[in-house]
Amino acid sequence: MMAACTGAGLTVPASFKVNEGGGGRVIIVQGPVVRVEPPLRKGRTFFIRQAAGLTVRRPRGRSFENVLFDAQGETLCRFTTGEKNGQVFLQYLRSQGVPFYRPDGQPLEPVPAGPEENDETIRHTDMEKAFGPRFTLQLRRTEPIGVWIALGLGLGLLLFLFGFPAVAILSGSRAAWSLDILLAVIIILIAGPWVLALAKGQLFPPVLAVEGDRMRIITFGCFRELRPEDVGGFCFHRSDECYILYDKKGKTLAKFSMRDDFGPQFMDFLTDHNVIYRQRI
């Protein structure tokens, strides 16, 4: 069985697997036959001619995913372009004539992935303009919250173990008042870092949602827009092997890792929007 060549000049293997070794569902493509093998459930097999279209959905609590459906609107399989061979599967569907639809149900013509007549630079995300870039990336904390909490807890325990006996012995008749003050200090040391982390929105790491050319940083259900033109650049944080995204004034906007899901896709998004790597001034 020979490989298919798409209109973009990209060769799609006759047989390949999507998300192989990813620890979850695997999609096996063998010519016109597609088999979906979930990890704990019975798999299913269908012919690609049964597919009526491909669209994008975002299930509650999960990232964006491409959904292949049949003529009755039933889901045949789900996948993301961030999975192994996810882009290949997208090209495969395109070569098989599967129509693409926007999330609102409107038909979409696939964007050509080959060089344009005006020889413009092709972006990494050109094939995903309707289906992406659409993903959510778990960001890292930009403040050392763990260090603050550990220091506060350590100092609080030390004061509790050694401060109370010392104050009780040295304070004399004012021992009760002094112990109350010491107890208040201990509570502040232990609870203070948690309250500070909550106030700075760092108690739970925020999530970055990318939809087309839009970026949103989501914290506790609240979000703020982040435009690519407002980003000054990004630099590498060697201590934890993460990247720091900062604005034009050098203020930290977000922290992310290439080791996390959709980290490489976000890096492609930044470079496609002319956000460059450079050290902060």
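What do you reckon, is Arg140 part of a loop (DSSP other than H, G, I, E, B), open to solvent by 30 Å² or more (accessible area, probe 1.4 Å) and modelled with pLDDT of 80 or more? Spell out how you get there, then give the answer.
Working: part of a loop (DSSP other than H, G, I, E, B): yes; open to solvent by 30 Å² or more (accessible area, probe 1.4 Å): yes; modelled with pLDDT of 80 or more: yes.
It is true that Arg140 is part of a loop (DSSP other than H, G, I, E, B), open to solvent by 30 Å² or more (accessible area, probe 1.4 Å) and modelled with pLDDT of 80 or more.
Being modelled with pLDDT under 85, open to solvent by less than 60 Å² (accessible area, probe 1.4 Å) and in a loop (DSSP other than H, G, I, E, B) is the requirement here; does Asp268 meet it?
no
Please give the number of the condition Val275 fails out of (1) open to solvent by 100 Å² or more (accessible area, probe 1.4 Å); (2) of a type outside the set (Asp, Glu); (3) not in a strand (DSSP E or B).
(1)
What number goes with the only condition from (1) of a type outside the set (S, T, N, Q); (2) open to solvent by less than 100 Å² (accessible area, probe 1.4 Å); (3) at pLDDT 85 or above that Asp260 does not pass?
(3)
Check region 73-95 and report whether any residue there is surrounded by fewer than 18 Cβ atoms within 10 Å (Cβ to Cβ) and in contact with a helix residue (DSSP H, G or I) (Cβ under 6 Å, 6 or more places away or on another chain).
No: zero hits.
Please identify the pairs in which a residue from region 82-110 that is on the phi > 0 side of the Ramachandran plot has its Cβ atom under 6 Å from the Cβ atom of a residue that is open to solvent by 40 Å² or more (accessible area, probe 1.4 Å), counting only partners at least 6 apart or on another chain.
Hits for this filter: zero, empty list.
Mind checking which strands (runs of 3 or more DSSP E) fall wholly inside region 35-86 and carry at least 2 residues that are farther than 16 Å from Phe100 by Cα and in contact with a Cys (Cβ under 9 Å, 6 or more places away or on another chain)?
The strands (runs of 3 or more DSSP E) meeting that bar are 44-47.
The values are calculated or read from the model by the stated rules, or taken from the named source; none is laboratory data. Bear in mind the structure is a predicted one, so any value in this text is a computation, not a measurement. Neighbour counts run over all protein chains shown; Cβ positions are idealised from the backbone, glycine included. Side chains included, ligands, DNA and RNA excluded: accessible areas come from the protein's heavy atoms. Shrake-Rupley method; radii C 1.70, N 1.55, O 1.52, S 1.80 Å.
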